[in-house]
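Remarks on the structure that follows.
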Amino acid sequence: MIGGLIGILTLIWVYQTATKANVTNGMMWVIVCAVVYMASQFILIGAANYLVESMRAAQGGEGYERDVMSIGDRKNLGGFQGGKGVFMSVFFELFPPIAGFLLVALVRTKFVLKESLSKDNLFSGIGAMFKSIKDSFKNPEQ
C-alpha cells in the first residue's frame with residue numbers, strides 16, 4: 001500500500017516535470033519511470049522476503065515450517081519482536097519504495113531534465129507537485 005502511494009506520487013512528479021520542461025516525449029518518460037519503479041519493487045521486495053525467510057529459518061533450525069496458523073505462537077515469530085524487530089520490519093517495508101523513488105529521481109534528473117546529479121536537482125519540483133495537488137481540491141468558483 002505504501003509502495004503504491006509512493007509510486008503514484010512519483011509518476012505524477014515525473015509527469016509534471018516533463019510538462020514543465022517541455023519535453024516532447026513526456027509520456028514515454030513517465031512509462032519508462034513506471035517500469036523502473038515496478039522493476040525495482042519486484043527485485044527489492046523479493047530480496048527482502050528472501051532475507052526475512054532466511055533469518056526465520058536460521059532461528060528455527062532444520063524443522064522450520066512456514067505455518068500461517070502459528071501466528072499466535074510466540075516462539076515461531078522468528079525474532080521480529082522488540083525494538084530490533086520493529087526496526088527490521090519497518091526497514092523491509094519502506095526500503096523498496098524509497099529505493100524505487102530514488103531510482104526514478106535519478107532517471108528524471110539525468111535523462112528527462114538532462115541536468116547534473118545534485119541534491120537540489122534530484123528532488124526539485126516535489127513541493128510544487130504537492131502544492132498543485134492541494135490546489136486541485138479548491139473550488140474554482142471561489
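The values are calculated or read from the model by the stated rules, or taken from the named source; none is laboratory data. Computed from a predicted model, the values in this text were never measured in an experiment. Cβ sites come from the backbone with ideal geometry, for glycine too, and all protein chains shown count toward neighbours.
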| task | Quickly run through the range 115-142 and pick out the residues that are surrounded by 10 or more Cβ atoms within 10 Å (Cβ to Cβ), hydrophobic (A, V, I, L, M, F, W, C) and either without any contact (Cβ under 8 Å) to a residue 12 or more places away in the chain or not in a loop (DSSP other than H, G, I, E, B) (or both). | result | 117, 122, 126, 128, 129, 130, 133
| message | Within the range 17-35, take every residue that is among the hydroxyl-bearing types (Ser, Thr, Tyr) and either under 24 Å from the mean Cα position of the chain (by Cα) or at pLDDT 90 or above (or both) and give me the one that is nearest to residue 129 (Cα to Cα). | response | 17
| said: Can you tell me how many residues within the range 1-29 are touching a residue at least 24 places away in the same chain (Cβ under 8 Å), surrounded by fewer than 15 Cβ atoms within 10 Å (Cβ to Cβ) and touching a helix residue (DSSP H, G or I) at 6+ places or on another chain (Cβ under 7 Å)? | reply: 1
| task | Name the residue, out of 17, 24, that is among the hydroxyl-bearing types (Ser, Thr, Tyr) and under 13 Å from residue 104 (Cα atoms). | result | 17
| Counting only residues that are touching a Gly at 6+ places or on another chain (Cβ under 7 Å) and modelled with pLDDT of 80 or more, which one in the range 81-97 is nearest to residue 45 (Cα to Cα)? | 96
